[in-house]
Every structure is written in structure tokens, then in C-alpha cells.
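Undergrad: One structure is given below, represented as C-alpha cells, and several questions about it will come after.
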Amino acid sequence: MWFLFLSSKMKMESPHNLLFLLCIPLSCVSSARLIHVSGYEGREVNVSCPYGGGFESYEKYLCKNDCGSTGDVLITTTQAKRNRYSLREDKQRRIVKVTISDLRRTDTGTYWCGVTRAFKDVYPAEVKLEVLPEWCCVKSNKLSGIVGRPGTMQCPYPLQHRHNRKFLCKGDHRNNCTDMVTSQSRFTLQDDVSSSSFTVLITELRAGDAGTYWCGSDSQWSPADYTQIQLSLVIPPLTSTVTPDITVEPVGSQSTHIPDKHIKDVSPVLVVVFVVLAVLLILAFTLVVIYKCHRKGQEVSLSRNITKTAEAEETMYEVQGDVACSTMGSSKQQSMLYHNKAGEDQQESVYQNITRAEGIYCNL
């Protein structure tokens with residue numbers, strides 16, 4: 001009676017609670033089958049969990065580590081997809097297939113395939129998963145093109161994939177890229193079975209076409225079945241249809257003709273600098289000319305003043321000499337009259353002295 005009550009109570013709880021309450025992991029997996037699975041980082045891997053007959057109607061799940069906590073249960077058959085995990089069950093073949101996408105290095109470890117039961121869960125398989133470092137592709141190419149011109153991309157594929165659908169997609173990650181052949185009319189795919197490769201023709205490259213491309217023939221991204229392409233684009237320089245003028249200079253001429261296109265390339269800042277320098281040079285030259293003219297005028301005026309002064313002084317000296325001489329003559333006559341009155345005896349001596357003094361002054 002107690003067992004019936006406990007069983008009915010546990011059925012009301014979640015099946016995973018039954019697992020955690022009634023099952024000690026080491027005692028529940030004594031007959032588990034060991035499966036080894038490996039996958040590449042960033043890609044996906046499939047884990048197939050078989051189970052025995054009679055469990056078709058039971059709930060199945062995938063858990064990690066020792067399955068001792070609710071966080072260890074990754075997905076159940078009641079959930080088609082959860083986070084990075086998806087589940088699909090084939091009851092006729094009695095297989096549960098779990099897909100783990102976007103593999104990470106931390107996904108490496110031990111997993112258990114479980115079947116939920118009332119008292120004791122069954123673990124038919126133990127899975128050892130190893131996540132390997134990403135191995136890109138069969139090869140990686142670097143291509144370059146010119147914007148506005150056509151371009152081509154060539155992708156090899158295995159011979160056994162000659163009937164597979166070929167694709168070319170663009171994106172930083174191969175698991176999340178856009179199919180360019182189906183979404184862009186500028187991209188055309190041409191398959192060459194004889195060479196086990198196909199070519200994608202691009203009618204006109206655009207600046208936005210630069211980036212990472214992935215091409216292949218395997219939608220599961222199996223190793224060595226796809227190629228990574230890094231496309232870089234160059235914008236062509238602007239070309240001018242105007243032919244530059246050419247001027248023939250005479251022999252010995254130092255002038256050089258500059259084509260119009262070079263003049264147009266001169267920076268406006270340089271033009272302003274040249275104009276300012278030219279104006280400053282003109283102003284400086286004008287100031288120098290004005291200064292020289294002014295200086296020369298002053299020199300001419302000074303020379304004229306000096307000449308006039310000299311002439312005036314000469315005239316004054318001549319006038320003074322004439323006046324002095326005239327004065328001396330008058331004095332001579334007065335002296336003669338005076339001495340005549342004084343006496344006949346002294347007239348001759350005084351006259352001689354006056355005549356000698358007159359001669360000395362006039363000579364001076």
C-alpha cells in the first residue's frame with residue numbers, strides 16, 4: 001500500500017524528479033553502451049541514442065555529467081528544440097537522435113541517453129563527446145576585384161558530390177550566411193562536372209560585395225567539402241577624357257607649361273597662400289620705391305639749399321669788402337683833410353700809414 005502511494009505521488013511530479021529521487025547514477029548505468037562522438041568547434045554533431053523494445057511510449061532525454069541536477073538535463077522528447085539542442089525520435093528503429101549545434105570546447109565530456117521510468121530510469125547509452133579545434137575547409141582563397149567590373153569565384157568539390165546542390169553564401173560565419181546565387185541576380189553558378197568544380201560569375205562588383213564567402217556542395221559543412229573565400233575590392237580612380245594641352249617652348253626658354261589638370265589639383269589653401277605672398281611682395285616693392293624717391297628728393301633739396309647758401313655768403317663777402325673799401329676811402333680823405341690842417345710836416349708820414357693799412361684790409 002505504501003509503494004502504491006509513493007508511486008502515484010511520483011507520477012504527479014515531473015519524470016526528471018523521479019530520476020533525481022530514485023536513481024543513483026553509478027547504480028543505474030551498469031549495462032550502458034559506450035558511444036564515442038567527435039565534432040569540430042563551431043559546427044554541429046549528431047548523437048544517436050538507441051533503446052530497447054517496450055520503451056517506445058516512455059520519455060527519453062539526454063543529460064550531461066552524472067545527471068544529478070536539473071541543469072544536467074539538456075533536452076527531452078517533449079521538446080523538439082531547446083537552446084543549441086534539437087531532438088528527433090524514430091520509434092520504428094527505436095533511436096533518439098540529438099543534434100548539438102555551434103559546438104564549443106566546453107561541450108567536451110560525458111553524456112547519458114536516458115529513459116524515464118517510475119522507479120528506476122534506464123540509461124541504454126553512455127556518450128563520450130570530444131570537440132576538436134575548428135578545421136576550416138579544403139582551402140582558403142583570397143581574391144581581389146575592381147568595383148564596377150565583373151568577377152569570378154571558383155570552388156572545387158568532391159567527385160561524389162557531383163549531383164549535390166552547389167551553393168555560395170556570404171557571411172562571417174558559415175553557419176549563418178546568405179545564399180548569394182538564389183538572392184542576387186548578379187551571381188550566376190556554372191557547374192563543371194569534368195573538373196569537379198563550379199564557377200560563380202558576378203556581372204558587376206559592388207563595394208558591398210567585399211567580405212567572406214563560403215562555397216561548397218555539402219549542406220552539413222563536412223570537412224574538406226567547402227572553400228572559404230576572402231574577397232577584397234578596389235575602387236578605380238576617376239579618369240578624365242580631356243587631353244592636356246602641350247605647349248612647345250622656344251629653345252633656351254626657361255618656362256614650363258603646366259597642364260590644366262595639374263592646376264585643378266592644386267589645393268585652395270595653397271592658392272590663398274600664393275596670393276597673399278604676391279600681395280606682400282608687391283607692397284614691399286612699392287614701399288621700397290617710395291622710400292628711395294623720397295630720399296632722393298631730400299638729397300636734391302639739400303644740395304640746392306647748400307648751393308644757395310654758398311652763393312649768398314659769397315655775395316655778402318663781396319658787399320662787405322666793397323663797403324669796407326669804401327669806408328676806408330672816406331677815412332682816407334678825412335685823414336688827409338685833417339692832416340692838412342694839422343700841418344704840412346706830418347702829412348706825408350700819416351698818408352703812408354693809411355695807404356699801407358688800406359692795402360692790407362683789401363687784400364684780406
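The values are calculated or read from the model by the stated rules, or taken from the named source; none is laboratory data. The structure displayed is predicted, hence computed values, not measured ones. Side chains are part of the model used for accessible areas, which takes the heavy atoms of the whole protein and leaves out ligands, DNA and RNA. Shrake-Rupley method; radii C 1.70, N 1.55, O 1.52, S 1.80 Å.
Undergrad: With a 1.4 Å probe and all protein chains in place, put VAL181, VAL276 in order of accessible area, largest first.
TA: Reading off the accessible areas and sorting them downward yields VAL276, VAL181.
Undergrad: Kirkwood hydrodynamic radius of region 79-205 from all distinct Cα pairs, in Å?
TA: 19.0 Å
Undergrad: Sticking with this structure for a sec: Taking the full set of protein chains and a 1.4 angstrom probe, give the accessible area of VAL96 in square angstrom, rounded to the nearest 10.
TA: Near enough 10 Å² of accessible area.
Undergrad: Would you please classify the overall shape of region 193-234 from the alpha carbon gyration tensor, given that a ≥ b ≥ c denote the square roots of the eigenvalues, rounded means a/c under 1.5, and beyond that prolate means a/b larger than b/c while oblate covers the rest?
TA: The shape class here is oblate.
Undergrad: Right, another one. Report the normalised scattering of region 135-184 as log10 I(q)/I(0) at q = 0.21, 0.29, 0.30, 0.31 Å⁻¹, calculated by the Debye formula with identical scatterers on the alpha carbons.
TA: Debye output, listed in q order: -1.09, -1.38, -1.36, -1.34.
Undergrad: Using a 1.4 Å probe, how large is the accessible area of THR70, given in Å² and rounded to the nearest 10?
TA: In the full protein context, THR70 sits at about 100 Å².
Undergrad: Sticking with this structure for a sec: May I have the extent of the alpha carbons of region 61-141 along their three principal axes, as whole Å values ordered from largest to smallest?
TA: Principal-axis extents of region 61-141 (Cα, largest first): 57, 29, 21 Å.
Undergrad: What figure, in Å² to the nearest 10, do you get for the accessible area of LYS97 with a 1.4 Å probe and non-protein molecules left out?
TA: The accessible area of LYS97 comes to roughly 70 Å².
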